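The values are calculated or read from the model by the stated rules, or taken from the named source; none is laboratory data. Bear in mind the structure is a predicted one, so any value in this text is a computation, not a measurement. Here Cβ is always computed from backbone atoms with ideal geometry, including for glycine, and neighbour counts include all displayed protein chains. For the accessible areas, the whole protein counts, side chains as well, though only heavy atoms, and no ligand, DNA or RNA atoms are used. Shrake-Rupley method; radii C 1.70, N 1.55, O 1.52, S 1.80 Å.
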Amino acid sequence: MIQNLEWYRVFYFTAKTGSLSKAAAELFITQPAVTQTIKQLEAQLGGQL
């Protein structure tokens, strides 16, 4: 099981808004931080989201 639930939160906002930039704005983080988080989640799950 993934230990970092923040990854799921970032993924949720990305899916909800349909945009990495919009998700970053809603989460008050940078777009590169969103991208990196999604990459980490993909690596942990072993597939592309």
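Within the stretch 3-46, work out how many residues are open to solvent by 80 Å² or more (accessible area, probe 1.4 Å), in a loop (DSSP other than H, G, I, E, B) and of a type outside the set (Val, Ile, Thr).
Total satisfying the criteria: 2.
Would you please list the contacts, defined by Cβ atoms under 6 Å and residues six or more apart or on different chains, that run from a residue in the stretch 23-47 that is closer than 10 Å to Trp7 by Cβ to a residue that is open to solvent by 70 Å² or more (accessible area, probe 1.4 Å)?
From the stretch 23-47, the pairs are Leu41/Phe11; Glu42/Gln48; Glu42/Leu49.
Those residues that are under 10 Å from the mean Cα position of the chain (by Cα) and among the aliphatic types (A, V, I, L, M), I need them from the stretch 28-49; list them, please.
Result: Ala33, Val34, Ile38, Leu41, Leu49.
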